[in-house]
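The values are calculated or read from the model by the stated rules, or taken from the named source; none is laboratory data. Every value quoted in this text rests on a predicted model; they were computed, and no experiment measured them. Please note: Cβ atoms are built from the backbone with ideal geometry, for glycine as well, and neighbour counts cover all protein chains shown. For accessibility, only protein heavy atoms count, side chains too; no ligands or nucleic acids. Shrake-Rupley method; radii C 1.70, N 1.55, O 1.52, S 1.80 Å.
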Amino acid sequence: MNFDVIVVGAGHAGVEAAYAAARLGCSVGLCTLSRGTVAHMPCNPAVGGTAKGHLVREIDALGGLMGRAIDATGLQFKLLNRSRGPAVWSPRAQADKQRYATWVTNALEREPNITWIFGRAGRVLASHGRVEGLAMEDGDSHACSALIVTTGTFLNGLIHVGLEQRPAGRHGEPPSRDLAESIRAFGFQGGRLKTGTPPRLDRRSIDFDARVGDESWTVEPGDPVPVPFSFATTVPLRNRMHCWLLYTNERVRDLVRSNIDRSPLYNGQIRGIGPRYCPSLEDKIMRFPERERHQVYLEPEGLDVNEIYVNGLSMSLPRDIQETLVRALPGLEDAHMLRPGYAVEYDFVQPTELRSSLETHRVEGLFFAGQINGTSGYEEAAAQGIVAGLNGAKRARRELPIIFRRDEAYIGVLVDDLVTRGCLEPYRMFTSRAEHRLLLRIDNADLRLTPLGRQAGLVDDEQWTRFEARRDRYDRNLAMLSKALIRSASGARIPAAQLLRQPGVRLDALAEDHRVDLAFDLCSRELDLSSVETVVKYEGYLKREVALVERTRKEGGRRIPHDFQYFGVPGLSHEVVDRLSHVRPETLGQAARIPGMTPAALAVLGAHVGRTPPAAMLP
Amino acid sequence: MFATDDAIVAIATPQGRGGIGVVRVSGASALSIAASILESDGPLQPRHATFTRLRAGTRTVLDEVVATFFQAPHSYTGQDVVEISAHGSPVVLNDLVHRALDAGARLAEPGEFTFRAYLNGKRDLVQAEAVADLIDAATPLQARVAFDQLEGTLTRRIGEIDADLFDLTARLEASLDFPDEGYHFIDPEETANRISAVIKAFDRLLVDASRGRMIREGATVVISGRTNVGKSSIFNALSGTCRAIVTDIHGTTRDLVTETIDIGGLAVTLVDTAGSRETADIVEREGVVRAARARQVAALVLIVLDGSDPFVYDDDRTLLAETAGQLRLVVFNKCDLECPQSGTFVDVPSGHRVDSDELVRVSAKTLDGIDRLRHSVVQALSGGELLRDTASMSNTRHIRLVEFARGHLVAAHAAVASGAAPEEFVLTDLQSARSRLDEIVGVRTTEDVLRHIFERFCIGK
């Protein structure tokens, strides 16, 4: 068949990519093994968390699936960092894996521009540096203008449990070798990464009721009033299940230590680099011997399934040791292990091979998104999916790519970090990675991005109408706060905004005490109000941040032509020339963020690329 | 990344004392910066040298200068350039640079004028490559190496302070990004305490900075006291000359007598002054006024008292009160006659405290104690540290960066202490402070912050 865009893989990157391209009106072929492999969560049954929750809100503001899917199927909702400032509040939810996957599959089924391609992808078809289509392993082939590869951990995936190894992309699914070979043939730089997952236990073998009152177990409930991920969610959310917190003990420690030579992580069997922020149990115990105990969360994987995810116990020790080790935990003496934890090694492509649109430098029309680019996490994958889907569609229509800036979205930070710095370990988003964090809040994700999404064609009429109402509400509330005069403690009548700026004064209480008439959506009251409260209360900080952004854009926004020849520019060292030629930064700002760049090299570069008018400015 | 069209300023003539020194400003706003520094009727004319004065203002130095305007593209850099020629004293030239900074210029990187000349086609490529090397040397890593050779201890000290600040920001970041890891990273009280500790460390550094400048540029030491206590004798004893006339007559010295001498490696301008007393003599009265003025600009004041008869006279007490906030030494002269011993005079009758380490006992007649006085002068001026090992900042750029960083920290501290802003807002101030120090100790990215966290804490499930 003939498509505008083909997406290989229907994980979190793939589904968002396909959905985004389809909304732009492109015909999309979505290639996956079967309908049963869509939007899987092979690791933890959760969406969101610090910075990841920001990504989900942004995906939602751009019309993506993830926020609505988790709101519709989540089991428990929490707003992390509630005691901190509004810029680091982050929603997190426990997911019902099966229902989540079904919800997303149904949403894709309803999208008329998407056609399933069931089967195993074989080869990328390209000639003269341009993508032409996709060949399947069974011999079929499909033509397209843009091909988006989102193969996760499947490229030469190798699973380790103890000394056993078997080629696999995920638990029970074979890896993609032909596709890996076909991609390698283009000459992309890449490497090998490693990630892992903990064992799953049978819910029926754990006596949860007996643990009530047990001091070694703590119930982890959801928030009393859950905050939704999606701006579209208008039904109050409900918590349906608890999680439980317990701790490792000396027996667990001793078991790991005495069997460390049977861990593929420690006997040299695994070469790939794992994430530091998500260490295996082996690493926790060997690298932090001073820490007496480590947290273990028991998290249900769904309402209708018996799997309990043992968060914190990711490991690749042999099966029998994992079983003994789990049963060494308090209250899990009789637990039955449904399947052991494992480590998986897989190939990734250095994302410095990509432009900010996630299109490869080497092959026009070929895009990569998700874990193949060295990231980890469903949210990071989904965020790249939207960018690749949007720009795949733009490529198919021969239009200019749309790039999100670092100062307008975590999505922008994510992509820019990837394409300018590359990956040395699996990349996870943190709020500390966003230098303009104060501006990138969950409460204003829609204000920042929905107009851009509308312009790009990602946001449909329904979402746009809802957004316009919300923006009106926001504007009205801001005007109300500067207009309404209220009596302060000293008796003087002052604008409500002035009182709100004082430390410790919260908008919620202020509006109530002084009867300030604010408008809000009942279901998202907290974030509706917080978007207003934050810009009033921290006006000084935000203004300074905006000024900083403007300065940075002025200095860094100058464009570098894609075919700029770095070789032969006087004053640039060979090292710098090599690095620049590989990364091919699109702006001076990007060049500045490449590791190893010096101020002098930048100044020389700036002088040589000449001046482009402000209209051509990029992030 | 540095811009190529903002205004930059630097001293264009070689370091050290010369007859004439030149400060150069280059950039589109060079003319307006010059206008805010110079007292001048109307704008400077291109390619004309204009004789004028520096504007009175917050800066103390008032001097006559010659300003020359080179209009773009007919200048060294190809941009608008104003060159201000003044007397070659480092004090005057530094003051000029500071005025330009206040007016919106920034300090030029090494080689930056030549670099701009290259950008504007004023230099050819061969020269430009050499210039690129030069500027490359100004990037933190190489700069640090070069700098270490000169003032290793300073970089180390700033580095230590920066390390504290870095650890503090990393902990705060960790507390935001990893809220449910079961770690107590830091709390607001601890944050406030650690910020104020860093501010204090900067304060000490800045105090040393002024000393450092003295060492490099020389210091003025003024000898003060009542008439006839032996100021001129001490002047002669210290300088090893007979420049000052010594008699038994009250009020012999009437004008300032100066001599530049070397004390322990320091270039010291020693100033003898008229003795303070009420007098009807017009010449002597003018001398007393000049003496007072000299004291005000002195880096160090030597207050000479008659050791056999100290603190008895009002003039002595007035002098002590006037100089209470200044760096000073109290010298008991005539100790060959009769000189009270240890500590007796720490509490002055009028209540003005004199610390015992400010006291030196000498006899200008027998030269007893003169070496001790020399030693005390060096100690006072160099902050008690051995000169070759001093960790003081004398580089204008570094002082300015540390001052900026300190300003951001003060704001951060206020926000934490008052609870006016949550952590992520406070962190913007801490990051601003750190980015100033980056220029001295090298850039550290968020990657480094994360590495710092992951090395110390077991994060992740």
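Inside the range A:476-532, can you point out the residues that are on the phi < 0 side of the Ramachandran plot, of a type in the set (G, A, S) and within 14 Å of chain B (Cβ to nearest Cβ)? Of everything in the range A:476-532, just one residue is on the phi < 0 side of the Ramachandran plot, of a type in the set (G, A, S) and within 14 Å of chain B (Cβ to nearest Cβ), namely A:S530. Mind checking whether some residue in the range A:224-242 is closer than 30 Å to A:L193 by Cβ, among the hydrophobic types (A, V, I, L, M, F, W, C) and at pLDDT 95 or above? For the range A:224-242, residues closer than 30 Å to A:L193 by Cβ, among the hydrophobic types (A, V, I, L, M, F, W, C) and at pLDDT 95 or above: present. In the range A:367-383, the count of residues that are part of a strand (DSSP E or B) and open to solvent by 10 Å² or more (accessible area, probe 1.4 Å) is zero.
May I ask you to verify whether A:R398 is assigned by TED's automatic domain parsing to the domain that holds A:L65, out of contact with any Asp or Glu (no Cβ under 8 Å at 6 or more places or on another chain) and not hydrophobic (A, V, I, L, M, F, W, C)? Yes, satisfied. Tell me, please, whether a residue that is in a helix (DSSP H, G or I), under 30 Å from B:L430 (Cβ atoms) and in contact (Cβ under 8 Å) with a residue 12 or more places away in the chain can be found in the range A:473-486. Yes, the range A:473-486 has at least one match. Taken over the range B:178-209, the residue count meeting the criterion of being open to solvent by less than 50 Å² (accessible area, probe 1.4 Å) and touching a residue at least 12 places away in the same chain (Cβ under 8 Å) is 16. Criterion applied to A:G36, A:G25, A:G14, A:G48 was being under 25 Å from A:V344 (Cα atoms) and surrounded by fewer than 24 Cβ atoms within 10 Å (Cβ to Cβ), and the one residue passing it is A:G36.
A:Y247 satisfies every condition listed in (1) over 30 Å from A:K284 (Cα atoms); (2) surrounded by 15 or more Cβ atoms within 10 Å (Cβ to Cβ) except (1).
Listed by position, the helices (runs of 4 or more DSSP H) enclosed by the range A:550-611 that each have at least 2 residues that are more than 8 Å from every other protein chain (Cβ to nearest Cβ) and surrounded by fewer than 19 Cβ atoms within 10 Å (Cβ to Cβ) are A:574-583. Within the range A:68-107, the set of residues being of a type outside the set (G, A, S), more than 14 Å from every other protein chain (Cβ to nearest Cβ) and out of contact with any strand residue (DSSP E or B) (no Cβ under 6 Å at 6 or more places or on another chain) comprises A:R68, A:D71, A:T73, A:K97, A:Q98, A:R99, A:Y100, A:T102, A:W103, A:V104, A:T105, A:N106.
Taking the criterion of being open to solvent by less than 10 Å² (accessible area, probe 1.4 Å) and either over 30 Å from A:G196 (Cβ atoms) or polar (S, T, N, Q) (or both), the residues of the range A:384-403 that qualify are A:Q384, A:L390, A:N391, A:G392, A:A393. The set of residues from the range B:445-461 being buried (at least 20 other Cβ atoms within 10 Å of the Cβ) and either under 34 Å from the mean Cα position of the chain (by Cα) or within 19 Å of B:I161 (Cβ to Cβ) (or both) comprises just one member, B:V449. For the residues A:D347, A:D320, the requirement of being in a helix (DSSP H, G or I) and among the charged types (D, E, K, R) singles out A:D320. Quick one: is B:E424 in a helix (DSSP H, G or I), in contact with a helix residue (DSSP H, G or I) (Cβ under 7 Å, 6 or more places away or on another chain) and at the interface with chain A (Cβ under 10 Å from one of its Cβ atoms)? So B:E424 passes the test.
Going through (1) surrounded by fewer than 24 Cβ atoms within 10 Å (Cβ to Cβ); (2) touching a residue at least 40 places away in the same chain (Cβ under 8 Å) one by one, A:R327 falls short only on (2).
Quick grid of which residues meet (1) open to solvent by less than 30 Å² (accessible area, probe 1.4 Å); (2) among the hydroxyl-bearing types (S, T, Y); (3) on the phi > 0 side of the Ramachandran plot; (4) in a helix (DSSP H, G or I):
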| position | (1), (2), (3), (4) |
| --- | --- |
| A:R251 | no, no, no, yes |
| A:L265 | no, no, no, no |
| A:G268 | no, no, yes, no |
| A:C278 | no, no, no, no |
| A:I285 | yes, no, no, yes |
| A:R291 | no, no, no, no |
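In the range B:268-285, how many residues are outside any loop (DSSP other than H, G, I, E, B) and open to solvent by 50 Å² or more (accessible area, probe 1.4 Å)? Residues that pass the stated criteria total 3.
Scanning for something farther than 23 Å from A:Q165 by Cα and in contact with a Phe, Trp or Tyr (Cβ under 6 Å, 6 or more places away or on another chain), does the range A:333-348 turn up at least one residue? The answer is no, given that none of the residues of the range A:333-348 is farther than 23 Å from A:Q165 by Cα and in contact with a Phe, Trp or Tyr (Cβ under 6 Å, 6 or more places away or on another chain).
The residue list B:G111, B:G88 contains one member that is farther than 29 Å from A:T598 by Cα, open to solvent by less than 30 Å² (accessible area, probe 1.4 Å) and modelled with pLDDT under 85, which is B:G88.
Just to be sure before I move on: is A:I260 modelled with pLDDT of 90 or more, open to solvent by less than 80 Å² (accessible area, probe 1.4 Å) and more than 10 Å from chain B (Cβ to nearest Cβ) in the structure I sent? The answer is yes for A:I260.
None of B:A280, B:A299, B:A294, B:A274 is at pLDDT 80 or above, among the hydrophobic types (A, V, I, L, M, F, W, C) and out of contact with any strand residue (DSSP E or B) (no Cβ under 8 Å at 6 or more places or on another chain) except B:A274. Of the residues in the range A:278-295, at least one is within 27 Å of A:S176 (Cβ to Cβ) and either in contact (Cβ under 8 Å) with a residue 40 or more places away in the chain or within 14 Å of chain B (Cβ to nearest Cβ) (or both). Assess whether B:D262 counts as being exposed (fewer than 14 other Cβ atoms within 10 Å of the Cβ) and closer than 21 Å to B:C335 by Cα. Criteria not met by B:D262. Can you find a residue in the range A:300-323 that is farther than 19 Å from A:I159 by Cβ, open to solvent by 70 Å² or more (accessible area, probe 1.4 Å) and out of contact with any Gly (no Cβ under 9 Å at 6 or more places or on another chain)? Yes, the conditions are met somewhere in the range A:300-323.
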